[in-house]
Amino acid sequence: MGVVYEAFDPFVQRTVAIKVAHSLEGQSPKVTQKVRESFFSEVYSAGRMQHPSVVSVYDAGQEDDYNYIVMEYVDGVTLQDYVSGDKYLTPNEVVDVIYQCAKGLDYVHRQGVIHRDLKPGNIMLSHDGEVKIMDFSIAHIDIGMEQHDTYVLGSPMYMPPEQLSEEKRLVAQSDIYSLGASMYALLARQAPYKASNLDSLIYKIGNLDPEPLLELQPDIPVHIVKIVTKAMQKIIYDRYESAQELADDLSRSFSRLRQVGERIDVQEKWKTLRYLNFFKDFSDDQITEVVYASDWRDFKKGDVIVNEGDKETSFFILAKGGVEVLKKDRVVGTMKQGDCFGEIAFITKRPRGATIVARTEVTLMTVSNTLMEQASPDTQIQYYRIFLENLIARLSQTTEKLVESKYSKKVK
């Protein structure tokens with residue numbers, strides 16, 4: 001697709017990676033447009049993700065005939081160096097790396113994105129041992145992007161059978177197969193299948209099992225082999241149901257991964273809050289404090305989050321998703337990611353004045369009186385300042401609506 005350069009951003013004083021697409025000079029307008037759409041699909045998918053195991057995209061644009069993407073710089077190498085290069089990972093280290101990948105992949109899937117080209121060459125491992133999934137240039141997004149599936153895109157060697165068939169029905173388990181194949185390659189120091197041409201490769205992936213891991217590397221623990229085998233099942237529904245389920249299985253095998261999982265979860269929450277307008281004036285240390293002094297819950301579409309009349313002492317911030325506000329079973333408003341609700345009941349200790357229902361899948365940050373007391377005075381002041389700003393804004397909106405209502409009645 002292009003060349004990646006190491007560069008320095010003087011505005012925020014950080015090293016970045018700039019991916020520049022190959023020049024399309026001399027190509028037909030149709031080909032140029034198709035390649036440009038494929039290149040910038042990475043921005044549509046990875047650009048909206050904030051997770052410690054997914055590479056961040058900062059900017060993108062076009063300069064003359066060149067298209068470029070500015071991304072997070074990762075000081076390390078791709079996992080391909082550990083498959084075919086001189087570097088080597090022990091089975092325990094492979095488990096640690098794949099666990100981080102599974103956590104990141106679960107986040108990607110929760111954003112409605114299927115990577116479609118997961119392989120060792122698209123996963124970076126920093127010198128600090130942190131994983132970064134990258135290259136979403138052919139990712140499928142559930143909303144918005146038109147896909148061109150008339151030919152094989154990506155790297156067939158790590159693709160699941162369904163991606164190489166005429167059906168091309170891709171789901172989250174399709175990426176799980178690719179992650180399992182990548183795990184196989186790291187353990188075996190070779191790709192799961194070898195073939196002299198694409199037709200032969202497609203046949204082997206669809207019909208044959210890879211060479212047994214224990215024959216290639218007898219020292220690999222049996223329970224690790226079982227995890228790889230389940231992830232690489234040819235039938236979609238025989239694989240792990242989700243990347244989180246794969247991560248949980250790895251965690252059960254290695255209890256030390258629980259601490260890694262907690263670190264990743266905290267980092268994911270931190271990044272989520274850092275990019276919300278609600279916390280724009282909070283310092284990095286205060287964001288960290290907020291993460292630890294809050295509870296996080298997930299809701300499905302249609303779930304009732306709070307009921308009108310409830311007596312609770314918590315307020316809520318929408319970390320992801322959107323909700324509807326109902327008064328006496330009538331929708332009176334909506335709220336989106338970054339909005340806060342319940343702060344009036346939190347301050348006044350009065351019953352809830354409305355019912356809140358999830359209109360999408362929702363991740364909610366909850367802060368109770370007890371948790372608020374754990375926060376530093378400066379952080380508490382920041383909260384109350386925003387509560388006051390929100391209250392003034394809502395009163396102003398209500399006043400405007402009343403004025404408009406009175407004016408429209410006079411006109412009639």
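The values are calculated or read from the model by the stated rules, or taken from the named source; none is laboratory data. Computed from a predicted structure; not experimentally measured. Glycine gets a Cβ as well: all are built from the backbone with ideal geometry, and neighbour counts include every protein chain shown.
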Taking the residues in segment 270-290 that are more than 15 Å from ASP378 (Cα to Cα) and aliphatic (A, V, I, L, M) as candidates, determine which candidate is surrounded by the most Cβ atoms within 10 Å (Cβ to Cβ). LEU273
Which condition from (1) under 19 Å from VAL131 (Cα atoms); (2) out of contact with any helix residue (DSSP H, G or I) (no Cβ under 9 Å at 6 or more places or on another chain) is the one that PHE254 breaks? (2)
Give ILE143, ILE176, ILE138 a once-over and let me know the one that is at pLDDT 90 or above, within 24 Å of VAL57 (Cβ to Cβ) and not aromatic (Phe, Trp, Tyr). ILE176
In segment 176-222, anything in a helix (DSSP H, G or I), under 33 Å from the mean Cα position of the chain (by Cα) and among the charged types (D, E, K, R) is listed as LYS204
What are the pairs, 6+ residues apart or on separate chains, where a residue within segment 351-370 that is in contact (Cβ under 8 Å) with a residue 24 or more places away in the chain and farther than 11 Å from GLU324 by Cβ has its Cβ under 6 Å from a residue that is assigned to a loop (DSSP other than H, G, I, E, B) and of a type in the set (Asp, Glu)? ARG352/GLU308; ARG352/ASP310
Would you kindly identify the strands (runs of 3 or more DSSP E) lying entirely within segment 273-360 that contain at least 2 residues that are over 22 Å from the mean Cα position of the chain (by Cα)? 304-306, 314-320, 323-327, 330-335, 355-358
Here's a check for you: in segment 165-175, which residue that is in a loop (DSSP other than H, G, I, E, B) and not small (Gly, Ala, Ser) is farthest from ARG239 (Cα to Cα)? GLU166
Where the second residue is of a type in the set (Phe, Trp, Tyr) and the first is in contact (Cβ under 8 Å) with a residue 12 or more places away in the chain and lies in segment 371-389, which pairs have Cβ atoms under 7 Å and are six or more apart or on separate chains? GLN382/PHE282; ILE386/PHE278
Only residues that are at pLDDT 85 or above and among the β-branched types (Val, Ile, Thr): list them for segment 333-358, please. THR334, THR355, ILE356, VAL357
Which one is farthest from PRO91 (Cα to Cα) among residues in segment 215-237 that are surrounded by fewer than 12 Cβ atoms within 10 Å (Cβ to Cβ) and free of Cβ contacts under 8 Å to residues at least 60 places away in the same chain? ILE235
Residue by residue through segment 47-75, note down the ones that are modelled with pLDDT of 85 or more, farther than 14 Å from LYS132 by Cα and among the hydroxyl-bearing types (Ser, Thr, Tyr). TYR58, TYR68
